[in-house]
Amino acid sequence: MNFFGHAAVASWSTQEPAALLGAMLPDFATMSGGRLGDAEEPVLASGIALHHATDAAFHELPVVLALMRELDERLARGGCGRGARRAVSHIGVELLLDGVLVDEEAYRASYTAGIAHEPDGIRWRSTGDDERFALLLARLRAHGVPDDLRRPQAIALRLHRVLAPRPLLAPAPSDRPVIERALVEHKPRVEVAAETVLRGLRAQLSAIR
């Protein structure tokens with residue numbers, strides 16, 4: 001799952017804004033370039049724990065593995081470089097799924113409540129991580145619900161921004177149109193599979209509670 005999907009999944013069991021933010025926090029740490037430590041706020045910490053449990057369950061689902069394998073194959077047929085292909089086949093499926101979930105009004109409300117929460121007692125591992133996270137959170141609040149995730153073209157742009165600073169994963173200029181085309185082609189597949197993914201997650205998470 002990615003950040004919006006984590007808010008959606010967390011909303012199945014809680015409406016506490018701190019827990020909703022916590023469920024997204026590891027992704028937000030990555031997005032801001034920070035390294036997340038402990039959270040002193042217990043409800044926030046419970047959301048972080050749910051994030052990790054959700055990711056573990058998500059990446060074991062056969063339907064998710066199939067979606068990622070299929071996207072990887074699309075990218076390979078287009079000639080996308082190996083590093084970028086591996087990253088995009090993973091994160092791209094997550095963001096395409098977020099683009100499906102963003103249409104659900106209850107999930108939109110949970111996301112908005114989560115990012116509105118003022119977290120207390122987050123411990124960061126490196127100097128400046130707290131400031132970078134604060135800037136990201138301000139941008140997320142100003143942007144609101146990420147409706148751009150409905151568009152594969154916007155997802156391709158997000159992926160480029162995320163991967164560009166990472167030499168082993170950064171798409172080459174020739175990869176960018178391949179990635180966009182593959183995401184456009186893969187979007188209907190993810191839309192059809194989304195309900196199966198959610199059912200599988202509910203079952204997995206219920207089993208570990």
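Taken over the stretch 4-30, residues that are buried (at least 24 other Cβ atoms within 10 Å of the Cβ) and either assigned to a loop (DSSP other than H, G, I, E, B) or among the aromatic types (Phe, Trp, Tyr) (or both) amount to 1. Picking from residues in the stretch 113-134 that are β-branched (Val, Ile, Thr) and out of contact with any strand residue (DSSP E or B) (no Cβ under 8 Å at 6 or more places or on another chain), the one that is surrounded by the most Cβ atoms within 10 Å (Cβ to Cβ) is 115.
None of 35, 86, 74 is surrounded by 17 or more Cβ atoms within 10 Å (Cβ to Cβ) and among the basic types (Lys, Arg) except 74. Within the stretch 115-135, the only residue that satisfies the criterion of being modelled with pLDDT of 95 or more and either in contact with a Phe, Trp or Tyr (Cβ under 9 Å, 6 or more places away or on another chain) or β-branched (Val, Ile, Thr) (or both) is 115. Of the residues 106, 8, the single one that is in contact (Cβ under 8 Å) with a residue 12 or more places away in the chain and out of contact with any helix residue (DSSP H, G or I) (no Cβ under 6 Å at 6 or more places or on another chain) is 106. For the stretch 40-56, the condition of being farther than 24 Å from residue 137 by Cβ and either surrounded by fewer than 21 Cβ atoms within 10 Å (Cβ to Cβ) or of a type in the set (A, V, I, L, M) (or both) holds for at least one residue. From the residues in the stretch 31-59 that are in contact (Cβ under 8 Å) with a residue 40 or more places away in the chain, farther than 16 Å from residue 206 by Cα and part of a helix (DSSP H, G or I), which one is farthest from the chain's Cα centre (by Cα)? If we take residues in the stretch 31-59 being in contact (Cβ under 8 Å) with a residue 40 or more places away in the chain, farther than 16 Å from residue 206 by Cα and part of a helix (DSSP H, G or I), then 44 is farthest from the chain's Cα centre (by Cα).
For the criterion of being in a helix (DSSP H, G or I) and either of a type in the set (Val, Ile, Thr) or surrounded by 15 or more Cβ atoms within 10 Å (Cβ to Cβ) (or both), residue 99 passes. Within the stretch 60-96, restricting attention to residues that are assigned to a loop (DSSP other than H, G, I, E, B) and of a type in the set (A, V, I, L, M, F, W, C), the residue that is farthest from residue 162 (Cα to Cα) is 61.
The values are calculated or read from the model by the stated rules, or taken from the named source; none is laboratory data. As the structure is a prediction and not an experimental result, all values here were calculated from the model. Because the Cβ atoms are built from the backbone with ideal geometry, glycine has one as well, and the counts that use them run over all protein chains shown.
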